[in-house]
Amino acid sequence: YRFPWAATAPEGRWRFVVDSTDDLGRASQAERQFSVNLTLGSLAVPRSVRRGRTARASFALTRAATVRGAVLTASGAVVRGLGARNLPAGTRAITWNGRTAYGSRVRAGRYQLRVTAQNDVGTVSLVAPFTVRR
């Protein structure tokens with residue numbers, strides 16, 4: 001069964017519990033943990049970047065967080081980690097020099113940028129696609 005639910009819960013960690021009883025009187029329960037975390041938003045990545053050039057993406061933090069970036073292939077394999085930085089709230093940026101973890105320039109093609117923010121509310125990530133062109 002599906003039912004609409006507008007997530008109006010305040011930020012934090014939560015449990016979603018469903019109790020049910022079937023037509024024969026048998027009871028069952030399902031439980032899932034989830035979090036509401038609005039720390040990270042507005043990830044803006046250029047549509048394309050010229051091979052060998054530096055790419056710059058921006059994002060917004062509503063509160064301080066440890067931020068990590070990663071460049072991924074279109075299928076999700078990590079090409080390069082962009083390190084962790086402790087950043088205050090506000091509009092922030094992350095850059096990538098167009099190189100792999102081993103220092104070689106990436107090939108032209110489709111990639112993704114993943115930005116992850118972690119703080120006392122929890123961990124949240126945003127992913128955006130981009131293209132490296134010749």
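Read-outs: derived from the displayed coordinates by stated rules, not from any lab. All values reported here derive from a predicted model rather than from experimental measurement. Heads up, the Cβs are rebuilt from the backbone with ideal geometry, glycines too, and the neighbour counts pull from every protein chain shown.
Structure above, values below:
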item: Tail weight of P(r) past 13 Å, computed on alpha-carbon pairs of the range 92-134, percent; result: 67
item: Relative contact order (%) - criterion: Cα under 8 Å, at least six apart; region: the chain; result: 25
item: Distance between modelled label sites at Thr66 and Val127, nm, 7 Å Cα→Cβ extension; result: 2.2
item: Share, in percent, of DSSP beta bridges within the chain that are antiparallel, nearest 5; result: 95
item: Percentage relative contact order, the range 65-134, counting C-alpha pairs under 8 Å, at least six apart; result: 34
item: At q = 0.13, 0.15, 0.19, 0.20 Å⁻¹, base-10 log of I(q)/I(0) for the chain (Debye sum, equal scatterers on each alpha carbon); result: -0.66, -0.78, -1.04, -1.11
item: Sorted peptide list for 89-97, 19-27, 38-46, criterion being average Cβ within 10 angstrom, highest first; result: 38-46, 89-97, 19-27
item: Relative compactness, the range 22-77, computed as alpha-carbon Rg over 2.2 N^0.38 Å; result: 2.03
item: Alpha-carbon spread of the range 47-89, three principal axes, descending order, Å; result: 32, 20, 15
